[in-house]
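First the structure, in the form of structure tokens, and then the observations on it.
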Amino acid sequence: MEIIEKIEILRNKLEVLKKSGKKIGFVPTMGALHDGHISLINCAEKQNDIIVVSIFVNPTQFNNINDLTTYPRNNDKDIEILKKTKCKFLFLPSVEEIYPDDKSKEIKYNFGYLTTVMEGKYRPSHFDGVALVVSKLFNIVKPNNAYFGQKDFQQFIVIQHLANYFLSELNINVIRCPIIREADGLAMSSRNIRLNNIQRESAVLISKTLFEAKEKFIKLSVNDLKAWINDKINQDENLVVEYIEIVTDPDLIEITDWNTKDKIVACIAVNVGDIRLIDNVYFN
Ligand code: PAF
């Protein structure tokens, strides 16, 4: 595996490989790698000749400075993890490499409704930052395929929209990979390592409640089911639900009754102390 910090160098190497007909698979990350990331790399391995992983804790997508400063970072450990995978290039740029000046932060895409609900509502400007950095990374790597996890369901929908409508000339397939869970059901997340033992025990209730709700789906009204999920999780003194929404995939329409032919996803954000966790479960 080669570690590359400069855009120019990565671009030149990938150009040569693409000219020789190699398929490029790209896994963008913010580091603190776990099995969820490895599953994206494994998925990429099956469909591409060359795998590029990026690690970049993108400051423009954090609307809370405390969240940015406490975001887990461990490049040395991540490098050791990646060396055991089929990753060929690790792109590890500095903030200055990606954002050389304030002008480079000005591009703003309009995703309309997709970014006004759920994460967009509670983390204003978050998706502006995600779309900004992903568009830069896509333009640098120009992969054939790019891989994102279902845990960040709304992010996946937004990035798919970005690739299909705003960066369509790059012709990138945005591929969604399933959520990877711990043995007790907690969705894997880089933020989980910040949970203390007590918080970690409480956090299990998030997925457990969503899976129980899946069993109740249709028997209760949408509003009653959302209230049930909310109350059940909030009963744990370590957990505070930020939102619970039941939406369609891929349009993210908040449903008010169960009469839809679309796939239905229950999406949740929960604060565990100052650690914000998200999860989602399909109901049908
Ligand atoms: O999901 C993430 O890790 C980040 O939001 C991403 C897509 C790498 C952009 O910074």
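Please treat every number below as a calculation from the coordinates, not as lab data. These numbers were taken from a predicted model, which means no experiment stands behind them. Glycine also receives a Cβ, built like all others from the backbone with ideal geometry; neighbour counts cover every protein chain displayed.
How do Tyr243, Tyr147, Tyr113 rank when sorted from fewest to most other Cβ atoms within 10 Å of their own Cβ? Walk me through the numbers on the way to the answer.
Values: Tyr243 16, Tyr147 27, Tyr113 10.
Least crowded to most crowded, the residues run Tyr113, Tyr243, Tyr147.
Is the C-alpha gyration tensor of region 62-202 telling us rounded, prolate or oblate? Criteria: a/c under 1.5 is rounded; beyond that, a/b larger than b/c is prolate, otherwise oblate.
Working: a/c = 1.42, a/b = 1.26, b/c = 1.13.
Verdict is rounded for region 62-202.
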Under the Karplus curve 6.51 cos²θ - 1.76 cosθ + 1.60, θ = phi - 60°, whole-Hz ³J(HN,Hα) for region 68-77, x wherever Gly or Pro sits: 5, 6, 8, 4, x, 10, 7, 4, 4, 5
Dipole magnitude of region 160-284 about its Cα centre (Cβ charges: Lys, Arg +1; Asp, Glu -1), debye to nearest 20: 280
Dipole magnitude of the chain, debye to nearest 20 (Cβ charges: Lys/Arg +1, Asp/Glu -1, about Cα centre): 960
Estimated translational D of the chain in µm²/s (Stokes, Kirkwood radius over Cα pairs; 4 °C; 1.567 mPa s): 65
Principal-axis tilt of helix 197-216 within the chain, Cα atoms, nearest 10 degrees: 70
His126, His37, His161 arranged by Cβ crowding within 10 Å, fewest neighbours leading: His161, His126, His37
Among Phe166, Asn197, Phe217 the positive-end extreme of the charge dipole of region 153-228 (Cβ point charges): Asn197
Within region 66-162: Cβ-based charge dipole about Cα centre, in debye rounded to nearest 20 (Lys, Arg +1; Asp, Glu -1): 400
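Quick one: of Lys18/Lys83; Lys22/Lys84; Lys77/Lys151; Lys23/Lys84; Lys136/Lys214; Lys23/Lys83, which pairs are farther than 27 Å apart, Cα to Cα?
Check vs 27 Å cut-off fails for Lys136/Lys214.
Ranked highest first by average number of other Cβ atoms within 10 Å, how do 65-73, 275-283 line up?
On the way: 65-73: 13.2, 275-283: 20.0.
Listed from highest to lowest mean packing, they are 275-283, 65-73.
Mind checking the full-extension length gain between Arg181 and Glu97? Use 0.36 nm per residue of separation minus the Cα-Cα distance, one decimal, nm.
Working: separation 84, 0.36 × 84 = 30.24 nm, distance 3.37 nm.
The span from Arg181 to Glu97 would gain 26.9 nm if fully extended.
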Angle in degrees between helix 7-19 and the longest Cα principal axis of the chain, rounded to the nearest 10: 80
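Rounded if a/c is under 1.5, else prolate if a/b beats b/c, else oblate: with a ≥ b ≥ c from the C-alpha gyration tensor eigenvalues square-rooted, which is region 134-284? All intermediate terms of the calculation are to be shown ahead of the outcome.
Numbers: a/c = 2.54, a/b = 1.40, b/c = 1.81.
Verdict is oblate for region 134-284.
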